[in-house]
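Structure, as structure tokens:
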Amino acid sequence: MFLLEVFKDSTAYFSVDAKSLTDSGDGKVRAIVTNPSGTKNDTMVTNNKDGTYEVAYAPYEEGKTFLTIS
């Protein structure tokens with residue numbers, strides 16, 4: 001679980017490198033955002049087909065936001 005600091009209502013992007021698990025991009029990555037209120041939101045994950053993934057999300061609440069990647 002990661003703690004992130006980003007701007008509210010502004011889309012944030014980051015990359016996940018899963019090449020040690022799959023170099024062909026056949027795996028599946030899921031990223032869940034836990035908002036300060038405890039509600040959880042899915043993110044948009046794009047498979048780059050090279051073992052890396054781009055994740056995009058926009059926080060809707062102010063405060064500490066946690067991210068769980070699986």
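Some observations on this one:
- The range 58-70 residues that are without any contact (Cβ under 8 Å) to a residue 40 or more places away in the chain, paired with ones that are in a loop (DSSP other than H, G, I, E, B) and open to solvent by 30 Å² or more (accessible area, probe 1.4 Å) (beta carbon under 7 Å, 6 or more apart): Gly63/Pro36
- For the range 33-55, the tally of residues that are open to solvent by 20 Å² or more (accessible area, probe 1.4 Å) and under 24 Å from Lys19 (Cβ atoms) stands at 11.
The values are calculated or read from the model by the stated rules, or taken from the named source; none is laboratory data. Here the structure is a predicted model, which is why all the values come from computation and not from measurement. We place every Cβ from the backbone using ideal geometry, glycine too, and count neighbours over all the protein chains shown. Surface accessibility is based on the protein's heavy atoms, side chains included, excluding ligands, DNA and RNA. Shrake-Rupley method; radii C 1.70, N 1.55, O 1.52, S 1.80 Å.
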